[in-house]
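Visitor: The structure follows.
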Ligand SMILES: [Fe+2]
Ligand SMILES: [Fe+2]
């Protein structure tokens with residue numbers, strides 16, 4: 001049978017649409033699921049996705065991508081990266097797979113929701129491919145860590161994490177439920193495709209890919225490049241929606257979506273990308289600092305795409321720029337201190353040369369974060385490791401669900417609010433603003449401390465908390481990635497008193 005040229009049929013196919021006659025448009029596309037309030041029905045056919053592909057082309061390209069990633073994995077399995085790579089790198093893999101694999105599966109639901117509920121036919125078509133992309137990403141990132149499970153049961157968390165109440169999982173789930181699952185199709189696409197994917201997945205996937213190749217982990221490098229090539233395509237789903245909102249006088253709403261999504265994404269990525277990039281990646285293969293990556297991918301590229309649309313930087317830009325050099329250092333101190341609550345083994349990353357690097361990239365690091373590390377190091381070097389793990393739990397932000405941290409001797413960002421008789425804590429003014437703009441959305445959620453104080457966690461001690469988080473079921477909680485070998489450098493030459 002003769003095949004028609006793509007150009008002859010594609011536009012007709014991608015915009016296939018019909019007028020419902022048995023039910024109303026609102027029944028077919030319920031406003032709470034479809035969104036687009038105030039945009040006339042006839043406008044949706046003008047949605048023009050920047051990336052066009054047919055199903056035949058899609059399958060062909062995806063098959064090649066999969067073949068590339070799986071064959072690199074098969075070829076390099078004998079290299080025994082697990083035993084040869086620096087433990088800091090191995091633990092980046094553990095953190096990454098666990099935090100990402102099942103979220104990718106969740107993202108396939110997000111895309112599926114567009115395929116059903118979006119009022120724009122072109123978007124429904126492209127979201128179908130996006131849904132297949134995300135299923136591929138989940139499968140890859142469950143399969144790849146599986147080879148490590150028999151070497152190290154902490155890799156089991158690649159599958160397990162999102163089913164647990166580990167504190168990192170609570171933070172990630174709260175964020176992804178907010179941006180992927182519980183908003184209408186227009187808002188979700190701007191939150192997830194535009195703000196989260198074009199902004200932040202680049203950071204994790206391109207940023208870590210360079211470090212992976214330098215660390216000799218070509219399998220991981222190839223894997224995340226393969227995934228990012230899909231992200232770069234379906235991330236574009238949100239831009240035409242932003243244009244439609246702006247054209248129909250809803251620029252304020254568009255700006256609000258971006259402002260919320262940007263901050264929430266950023267704060268989550270301080271844990272997912274910030275800590276590994278500045279502390280776990282072995283110093284000799286570190287490509288750039290987290291701040292440098294953020295400046296390249298977010299401050300320059302993402303904000304350019306926001307401004308090109310005629311929108312503005314988020315209102316809290318000055319707070320964000322300051323935060324960029326501080327917050328993830330506080331989260332690293334926190335996660336390292338509370339290492340028994342992690343599913344991976346954190347690298348301290350504060351040997352003498354690493355501290356020089358941190359001081360160069362973040363001037364003032366030694367006089368702030370460094371002084372707390374001095375105490376930790378002194379305790380570790382003098383047989384008081386027990387004093388380096390806190391006996392209490394941290395305050396947790398009621399928006400980000402992450403510990404409230406600050407810069408030692410400078411600032412601690414706990415701000416509070418009493419809403420309908422309940423006291424809420426926030427890690428920043430921005431988190432508080434997000435809550436205040438939409439308290440209905442956030443007010444019922446209980447963070448880990450709310451659960452602890454409310455009696456949900458029994459026994460109410462560290463053992464009970466660890467059990468509640470799923471630690472110790474199939475693998476032990478975290479401990480220093482290098483078995484504290486780095487502390488030896490400080491034993492002979494104690495840290496000078498400041
Ligand atoms: Fe994905
Ligand atoms: Fe995606």
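The values are calculated or read from the model by the stated rules, or taken from the named source; none is laboratory data. Quick caveat: nothing in here was measured; it's all calculated off a predicted structure. Backbone-built Cβ (ideal geometry, glycine too); neighbour counts: all protein chains shown.
Visitor: Restricting to region 77-116, what's the tally of residues that are closer than 25 Å to residue 273 by Cα, more than 16 Å from ligand 1 (Cβ to nearest atom) and part of a helix (DSSP H, G or I)?
Guide: Counting residues in region 77-116 that are closer than 25 Å to residue 273 by Cα, more than 16 Å from ligand 1 (Cβ to nearest atom) and part of a helix (DSSP H, G or I) gives 13.
Every residue, every condition in (1) assigned to a loop (DSSP other than H, G, I, E, B); (2) within 28 Å of residue 172 (Cα to Cα), yes or no:
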residue: 365; (1), (2): yes, yes
residue: 375; (1), (2): no, no
residue: 383; (1), (2): yes, no
residue: 391; (1), (2): yes, yes
residue: 400; (1), (2): yes, yes
residue: 409; (1), (2): yes, no
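Table: residues versus (1) assigned to a loop (DSSP other than H, G, I, E, B); (2) modelled with pLDDT of 95 or more.
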{"site": "260", "(1), (2)": "no, yes"}
{"site": "272", "(1), (2)": "no, no"}
{"site": "287", "(1), (2)": "yes, no"}
{"site": "295", "(1), (2)": "no, no"}
{"site": "299", "(1), (2)": "no, no"}
{"site": "303", "(1), (2)": "no, no"}
{"site": "322", "(1), (2)": "no, no"}
{"site": "329", "(1), (2)": "no, yes"}
{"site": "335", "(1), (2)": "no, yes"}
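Visitor: Right, here's the next one. If I ask for residues that are more than 23 Å from residue 452 (Cα to Cα), modelled with pLDDT of 90 or more and not in a loop (DSSP other than H, G, I, E, B), which ones from region 467-498 would you list?
Guide: Those that are more than 23 Å from residue 452 (Cα to Cα), modelled with pLDDT of 90 or more and not in a loop (DSSP other than H, G, I, E, B): 485, 486, 487, 488, 489, 490.
Visitor: Another one. Residue 241 versus (1) surrounded by 19 or more Cβ atoms within 10 Å (Cβ to Cβ); (2) within 18 Å of the chain's Cα centre (by Cα); (3) within 15 Å of residue 305 (Cα to Cα): which is the lone unmet condition?
Guide: That leaves (2) as the condition not met.
Visitor: Please go through region 305-314 and give me each residue that is surrounded by 14 or more Cβ atoms within 10 Å (Cβ to Cβ), assigned to a loop (DSSP other than H, G, I, E, B) and in contact (Cβ under 8 Å) with a residue 12 or more places away in the chain, ordered by number.
Guide: Of everything in region 305-314, those that are surrounded by 14 or more Cβ atoms within 10 Å (Cβ to Cβ), assigned to a loop (DSSP other than H, G, I, E, B) and in contact (Cβ under 8 Å) with a residue 12 or more places away in the chain turn out to be 309, 311, 312, 314.
Visitor: When region 117-128 is examined, which residues are found to be touching a residue at least 24 places away in the same chain (Cβ under 8 Å), under 20 Å from residue 181 (Cβ atoms) and not in a loop (DSSP other than H, G, I, E, B)?
Guide: 117, 123, 126, 127
Visitor: If I filter region 27-54 down to residues being part of a helix (DSSP H, G or I) and without any contact (Cβ under 8 Å) to a residue 24 or more places away in the chain, which single residue comes out as surrounded by the most Cβ atoms within 10 Å (Cβ to Cβ)?
Guide: So, considering only residues that are part of a helix (DSSP H, G or I) and without any contact (Cβ under 8 Å) to a residue 24 or more places away in the chain, the one surrounded by the most Cβ atoms within 10 Å (Cβ to Cβ) is 28.
Visitor: When you look at residue 289, is it within 24 Å of residue 173 (Cα to Cα) and either under 19 Å from the mean Cα position of the chain (by Cα) or surrounded by 21 or more Cβ atoms within 10 Å (Cβ to Cβ) (or both), yes or no?
Guide: No, not satisfied.
Visitor: Can you tell me which of (1) in contact (Cβ under 8 Å) with a residue 60 or more places away in the chain; (2) more than 16 Å from ligand 2 (Cβ to nearest atom); (3) surrounded by fewer than 22 Cβ atoms within 10 Å (Cβ to Cβ); (4) within 25 Å of the chain's Cα centre (by Cα) is the one residue 77 doesn't meet?
Guide: That leaves (4) as the condition not met.
Visitor: Could you list, ordered by first residue, the pairs with Cβ atoms under 6 Å in which the first is in region 223-241 and farther than 30 Å from residue 74 by Cβ and modelled with pLDDT of 90 or more and the second is outside any helix (DSSP H, G or I) and more than 11 Å from ligand 1 (Cβ to nearest atom), at least 6 apart or interchain?
Guide: 236/50; 236/51; 240/47; 240/48
Visitor: Give the residues of region 439-459 that are surrounded by 13 or more Cβ atoms within 10 Å (Cβ to Cβ) and outside any helix (DSSP H, G or I), sorted by residue number.
Guide: Selection gives 443, 445, 446, 447, 456, 457.
Visitor: Using the structure shown, decide if residue 252 is farther than 30 Å from residue 434 by Cα, over 18 Å from the mean Cα position of the chain (by Cα) and more than 14 Å from ligand 1 (Cβ to nearest atom). Step through it out loud before you land on a result.
Guide: Working: farther than 30 Å from residue 434 by Cα: no; over 18 Å from the mean Cα position of the chain (by Cα): yes; more than 14 Å from ligand 1 (Cβ to nearest atom): yes.
In short, no.
Visitor: I would also like to ask the following. Looking at (1) more than 28 Å from residue 68 (Cα to Cα); (2) modelled with pLDDT under 95; (3) more than 16 Å from ligand 2 (Cβ to nearest atom), which one does residue 268 not meet, given that it meets all the others?
Guide: With respect to (1) more than 28 Å from residue 68 (Cα to Cα); (2) modelled with pLDDT under 95; (3) more than 16 Å from ligand 2 (Cβ to nearest atom), residue 268 is out only on (3).
Visitor: Look at residue 207 and say whether it is away from ligand 2 (no atom under 11 Å from the Cβ), touching a residue at least 40 places away in the same chain (Cβ under 8 Å) and either within 26 Å of residue 50 (Cβ to Cβ) or crowded, with 22+ Cβ neighbours inside 10 Å (or both).
Guide: Yes: the conditions hold for residue 207.
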